[in-house]
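The values are calculated or read from the model by the stated rules, or taken from the named source; none is laboratory data. Everything numeric here is computed off the predicted structure, so don't read it as measured data. Note that we place each Cβ from the backbone using ideal geometry, even for glycine, and neighbour counts take in every protein chain shown. Side chains are part of the model used for accessible areas, which takes the heavy atoms of the whole protein and leaves out ligands, DNA and RNA. Shrake-Rupley method; radii C 1.70, N 1.55, O 1.52, S 1.80 Å.
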Amino acid sequence: MPQKQIRIAQISDLHIKAPGTLAYGRVDTANALERCVATLNTFEPAPDFVVISGDLVDTPSAEEYEHLKRLLAPLKIRFAGIPGNHDGRELMRAAFPATAYAHSSGALNQKIAVGELDLLLLDSSVPGKPHGELEGPTLQWLETTLASSKERPALLFLHHPPFVAGIWHMDHQNLRNAAELEAIVRSHPRVKIVATGHVHRAALAMFAGVPCTICPAPNHAVDLDLAKLRKPSFKVEPPAFHLHTFFAGEGLGRLVTHQVPIGEFDGPHPFFGADGKLL
Ligand SMILES: [Fe+2]
């Protein structure tokens, strides 16, 4: 019997602007999201859910959220977003009024059950600031929510990475109270991953005993300047998203994260001919 799978796609840092406006005068983030949605819609087998891990818009404004909603309208998969440092909590609440957030004001945390998985979306945004921090009520909600089960695997999503990635100007604006998050994650073995965004490029570290990922973006990447050679810069590198695939099985199962390039590529081509021999 094939193993049961649950596929959670993560896209991040969309930075949608008002129609016709380029990010930094150069990047067409709307077109980048259109290509991302097309790849998600044609991926087989279809992901079960899409998490957007922050920076849905850029400035932010109601017009940008309206533009975002128009661009996401063709997406055939259920989705939910969490705020990043470029989002506005109240603007996001207004843009997605049907969302069942855990609190009626403040941080936009939410729990979403997808089959036997719990997705816990944590709002690490600090209004008006680029860095991240989990507020007291968010940490309490996370602790209580994780304590509500021992059997259901949980995937944590937040915008700001809780680790230093080595890119100096981004490391100033990571999650400031990572130690508090770490203590909670360590006390709940059902957490399978801590998945973040913010840096616009893929990275992996261990955090609190579990894998902790940074998701690449569909548009531009933060320059991989590990030696502080340049001012804060970006590069338009190959766009991608993450696909977290859960395989049910012994214990709390296994989670595997694939990086999926956005766009159309040559192939797939068979390795073997009709005679079973390598081509
Ligand atoms: Fe960000």
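Details
- In region 172-196, the residues that are in a strand (DSSP E or B) reach residues that are open to solvent by 20 Å² or more (accessible area, probe 1.4 Å) and acidic (Asp, Glu) with C-beta atoms within less than 7 angstrom, at least six apart or across chains, in these pairs: Leu175/Glu133.
- Region 73-126 - residue that is out of contact with any Pro (no Cβ under 9 Å at 6 or more places or on another chain) and polar (S, T, N, Q) and, of those, least open to solvent (accessible area, probe 1.4 Å): Gln110
- If you check Leu146, Leu134 for being in contact with a helix residue (DSSP H, G or I) (Cβ under 9 Å, 6 or more places away or on another chain) and not in a loop (DSSP other than H, G, I, E, B), only one passes: Leu146.
- Taking region 1-51 as the range and being under 21 Å from Lys111 (Cβ atoms) and among the aliphatic types (A, V, I, L, M) as the test, the residues that pass are Ile6, Ile8, Ala9, Ile11, Val50, Val51.
- The helices (runs of 4 or more DSSP H) found entirely in region 1-106 that carry 1 or more residues being more than 20 Å from the chain's Cα centre (by Cα) are 62-72, 89-95.
- Residues that are among the β-branched types (Val, Ile, Thr) and open to solvent by 30 Å² or more (accessible area, probe 1.4 Å), drawn from region 151-196: Val164
- Condition check for Glu44: more than 16 Å from the ligand (Cβ to nearest atom) and open to solvent by 60 Å² or more (accessible area, probe 1.4 Å): yes
- Checking each residue in region 29-60 for being out of contact with any Asp or Glu (no Cβ under 7 Å at 6 or more places or on another chain), charged (D, E, K, R) and touching a residue at least 12 places away in the same chain (Cβ under 8 Å) picks out Glu34, Arg35, Asp48.
- Single residue of region 127-147 satisfying the filter (away from the ligand (no atom under 16 Å from the Cβ) and farther than 17 Å from Tyr101 by Cβ) that is surrounded by the fewest Cβ atoms within 10 Å (Cβ to Cβ): Ala147
- Some residue of region 39-48 being among the aromatic types (Phe, Trp, Tyr) and over 30 Å from Gly249 (Cα atoms): no
- Criterion applied to Phe246, Phe207, Phe241, Phe271 was being farther than 25 Å from Ala38 by Cβ and crowded, with 17+ Cβ neighbours inside 10 Å, and the one residue passing it is Phe207.
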